[in-house]
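Q: Below are the structure tokens for one structure; questions will follow.
The values are calculated or read from the model by the stated rules, or taken from the named source; none is laboratory data. Predicted model, so just to flag it, every value in this text is computed and none were measured. All Cβ positions, even for glycine, are placed from backbone atoms using ideal geometry, and neighbour counts span all protein chains on display. Ligands, DNA and RNA are excluded from the accessible area calculation, which covers all protein heavy atoms including side chains. Shrake-Rupley method; radii C 1.70, N 1.55, O 1.52, S 1.80 Å.
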Amino acid sequence: MSDTGITTKKRVDFSEWYTETVLKSELADYAPVKGCMIIREHAYAIWEKIQEIFNKKIKATGHKNVYFPMFIPEGFLKKEAEHFEGFVPEVAWVTEGGSSPLEEKLAIRPTSETIMYDAFAKWVRSWRDLPIKINQWCNIVRWETKATKLFLRTREFLWQEGHTVHATSEEAEKEVMDILLEYKDLMEKYLAIPVLIGVKTDSEKFAGALYTTALEAMMPDGKALQMGTSHNLGQNFGKVFDIKFIGEDKQDHYVWQTSWGITTRLIGAVVMVHGDDKGLVLPPKIAPVHVVIVPIPYKGTDPEAIKAKAREIEAKLKEKNLAVVLDDREEYTPGWKFNHWELKGVPVRIEIGPRDLKQKQVTLARRDTGVKCVVKEDDAVSTVETLLEEIQHNLYAKARIALEEKTTTVKSYDEFKKVLSEKGGFLKASWCGSGKCEEKVKEETGATIRLRPFEKEEPIAGCVYCGEKAVEMVYFARSY
RNA sequence: GGGGCCGUCGUCUAGCAUGGAUUAGGAUACAUGCCUGGGGCGCAUGCGAUCCUGGGUUCAAAUCCCAGCGGCCCCA
């Protein structure tokens with residue numbers, strides 16, 4: 001038995017399983033600097049899929065991609081006080097160029113609001129210049145002091161950050177929500193991960209924003225994961241960066257802005273939610289490889305005939321725009337290949353052996369359930385297409401059930417603590433709206449308010465902490 | 001923020017308690033040649049280690065001590 005497979009069981013030690021799965025499936029590797037990771041081919045291909053899907057979405061609604069520098073003068077960051085306070089503890093600074101100290105130290109962007117908005121101030125003159133709707137795909141650095149974890153919390157990561165500038169508050173509000181719903185669609189339809197959406201409390205909102213909307217998913221260990229955020233910045237940045245325009249009314253107005261982002265953390269979420277003891281299980285819509293074909297050339301049969309058939313089916317699948325790998329390497333046995341591609345999360349495998357050849361059939365195996373079936377060769381392509389759809393749906397359905405199973409409505413603080421320690425997950429509870437209660441709960445249990453959901457429900461009891469009159473039901477959880 | 005564990009060929013690891021003789025051992029991977037092939041197939045040969053880094057203790061350090069770097073886990 002080799003140790004190239006996953007040796008830790010997902011249910012036994014989730015954290016260890018996660019790390020092992022990420023490393024052995026070759027999604028990522030550690031880099032020499034603490035908290036930094038190498039995103040390897042397989043993960044980068046998934047990231048490119050996410051980019052492709054999201055680019056298509058935002059371009060359809062008039063957004064365009066740009067690139068701003070990664071160095072931000074200290075003075076820029078300081079302009080919006082709350083923003084600076086929020087980010088300064090984890091900013092990495094460049095203080096020297098070559099061997100001479102810089103006159104003003106430069107932040108390596110932790111996010112690009114300030115450097116972009118300085119430019120926006122120059123670009124915006126008239127209402128005719130609005131809206132600005134741009135996005136950039138880039139790396140950012142946040143010098144984490146807490147424990148880091150592959151994909152979920154690293155000091156450098158990749159993301160997209162969208163930034164828009166509008167003439168009215170209403171337009172900005174609509175943008176925030178439009179993007180949030182595009183994110184939700186991306187996560188549920190493509191990543192097959194169900195999410196809750198809502199508004200962050202003041203203590204959890206983006207530093208400098210009016211309010212932050214977010215998407216939260218539930219991981220199998222009962223911890224929540226923030227999947228993306230969409231912020232309404234109001235006029236906070238407009239005022240400090242002096243982004244003004246002359247309106248149709250001939251008056252000066254400050255602009256209304258939004259910013260929003262998703263990161264490579266999503267890849268970690270996919271691993272956690274769908275993976276199993278054999279490795280990754282990738283939703284077909286983001287899988288870099290949809291189908292792997294493994295020819296099984298027994299001795300005594302004609303290996304060339306089997307390979308030819310494999311190539312024929314490969315070509316047919318490619319005609320349907322499916323990503324196919326024909327693994328005809330001779331140095332590995334079929335069993336080895338099965339394990340290898342399962343580790344990589346390929347949704348469907350096709351086996352073609354002498355038995356299949358003789359009976360004009362192929363054997364199909366699906367990654368999510370492990371079920372094998374035999375179909376007529378002529379039906380192979382259409383069956384694969386059906387299977388891919390089924391797998392996509394099945395993964396989402398399973399994750400949906402898991403989310404529901406890990407969501408508990410609690411009435412009292414005792415019940416809250418009991419459920420949190422025994423089962424974790426989302427705790428739906430009444431809240432009075434006080435930041436103090438929120439803070440106390442965090443101190444005492446480690447759980448925070450993940451969301452104030454958009455779907456409002458009447459409080460079922462007094463505030464879960466103080467017992468006073470509650471204003472709404474919110475979702476608490478421990479989180480990554 | 002608090003606590004704990006860990007670092008030895010590419011990878012996983014034995015050795016460390018009780019310092020010295022294992023030539024730092026094994027497995028796996030890799031290379032070559034055979035053999036195979038429907039769930040990590042087998043045989044042979046070969047290649048492969050600054051024992052994380054720096055200091056200290058000692059006649060002697062992979063082993064003990066200190067610091068740093070890096071990784072993991074748990075708690076809040």
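Q: Would you be able to tell me the number of residues in segment A:42-83 that are out of contact with any strand residue (DSSP E or B) (no Cβ under 9 Å at 6 or more places or on another chain), among the small types (Gly, Ala, Ser) and more than 26 Å from residue A:344 (Cα to Cα)?
A: Number of matching residues: 2.
Q: List the number of the failed condition for residue A:58; all other conditions in (1) more than 16 Å from RNA strand B (Cβ to nearest atom); (2) loosely packed, with under 14 Cβ neighbours inside 10 Å; (3) under 19 Å from the mean Cα position of the chain (by Cα) hold.
A: Here residue A:58 clears every test but (2).
Q: Name the pairs whose Cβ atoms lie under 7 Å apart, with the first residue in segment A:331-354 and near RNA strand B (Cβ under 6 Å from one of its atoms), the second aromatic (Phe, Trp, Tyr), and 6 or more positions between them or separate chains?
A: Sorted first by the residue in segment A:331-354, then by its partner, the pairs are A:353/A:298; A:354/A:298.
Q: Does residue A:192 qualify as being open to solvent by less than 20 Å² (accessible area, probe 1.4 Å) and assigned to a loop (DSSP other than H, G, I, E, B)?
A: Working: open to solvent by less than 20 Å² (accessible area, probe 1.4 Å): yes; assigned to a loop (DSSP other than H, G, I, E, B): yes.
Answer is yes for this residue.
Q: Kindly indicate whether residue A:78 is more than 12 Å from RNA strand B (Cβ to nearest atom), within 27 Å of residue A:231 (Cβ to Cβ), of a type in the set (D, E, K, R) and open to solvent by less than 50 Å² (accessible area, probe 1.4 Å).
A: Details: more than 12 Å from RNA strand B (Cβ to nearest atom): yes; within 27 Å of residue A:231 (Cβ to Cβ): yes; of a type in the set (D, E, K, R): yes; open to solvent by less than 50 Å² (accessible area, probe 1.4 Å): no.
It is false that residue A:78 is more than 12 Å from RNA strand B (Cβ to nearest atom), within 27 Å of residue A:231 (Cβ to Cβ), of a type in the set (D, E, K, R) and open to solvent by less than 50 Å² (accessible area, probe 1.4 Å).
Q: Would you list the helices (runs of 4 or more DSSP H) that sit entirely within segment A:24-102 and hold 2 or more residues that are more than 30 Å from residue A:235 (Cα to Cα) and out of contact with any Asp or Glu (no Cβ under 9 Å at 6 or more places or on another chain)? First the steps, then the outcome.
A: On the way: elements: A:41-60, A:74-79, A:81-87.
Correct list: A:41-60.
Q: Let me ask something else about it. Out of all the residues in segment A:295-319, which are crowded, with 16+ Cβ neighbours inside 10 Å and near RNA strand B (Cβ under 9 Å from one of its atoms)?
A: A:295, A:296, A:297, A:303, A:306
Q: Pull up segment A:236-283, narrow it to residues that are outside any loop (DSSP other than H, G, I, E, B) and among the basic types (Lys, Arg), then point me to the one that is least open to solvent (accessible area, probe 1.4 Å).
A: Within segment A:236-283, the first condition is being outside any loop (DSSP other than H, G, I, E, B), and the residues that meet it are A:236-241, A:244-246, A:252-254, A:256-263, A:265-274, A:276, A:279.
Imposing the further condition that a residue be among the basic types (Lys, Arg) reduces the set to A:239, A:244, A:265.
Details: A:239: 112, A:244: 70, A:265: 36 Å².
The qualifying residue least open to solvent (accessible area, probe 1.4 Å) is A:265.
Q: Here's something else I'd like to know. Looking at (1) without any contact (Cβ under 8 Å) to a residue 40 or more places away in the chain; (2) in the same structural domain as residue A:297 (by TED's automatic domain parsing); (3) away from RNA strand B (no atom under 13 Å from the Cβ); (4) not acidic (Asp, Glu), can you tell me which one residue A:381 breaks?
A: If we test residue A:381 against (1) without any contact (Cβ under 8 Å) to a residue 40 or more places away in the chain; (2) in the same structural domain as residue A:297 (by TED's automatic domain parsing); (3) away from RNA strand B (no atom under 13 Å from the Cβ); (4) not acidic (Asp, Glu), just (1) comes out false.
Q: Has segment A:364-371 got at least one residue that is open to solvent by 70 Å² or more (accessible area, probe 1.4 Å), near RNA strand B (Cβ under 10 Å from one of its atoms), free of Cβ contacts under 8 Å to residues at least 24 places away in the same chain and not acidic (Asp, Glu)?
A: Among the residues of segment A:364-371, at least one is open to solvent by 70 Å² or more (accessible area, probe 1.4 Å), near RNA strand B (Cβ under 10 Å from one of its atoms), free of Cβ contacts under 8 Å to residues at least 24 places away in the same chain and not acidic (Asp, Glu), which makes the answer yes.
Q: I'd like to verify a number: residues in segment A:143-174 that are within 16 Å of RNA strand B (Cβ to nearest atom) and part of a loop (DSSP other than H, G, I, E, B), how many?
A: Within segment A:143-174, residues that are within 16 Å of RNA strand B (Cβ to nearest atom) and part of a loop (DSSP other than H, G, I, E, B) number 11.
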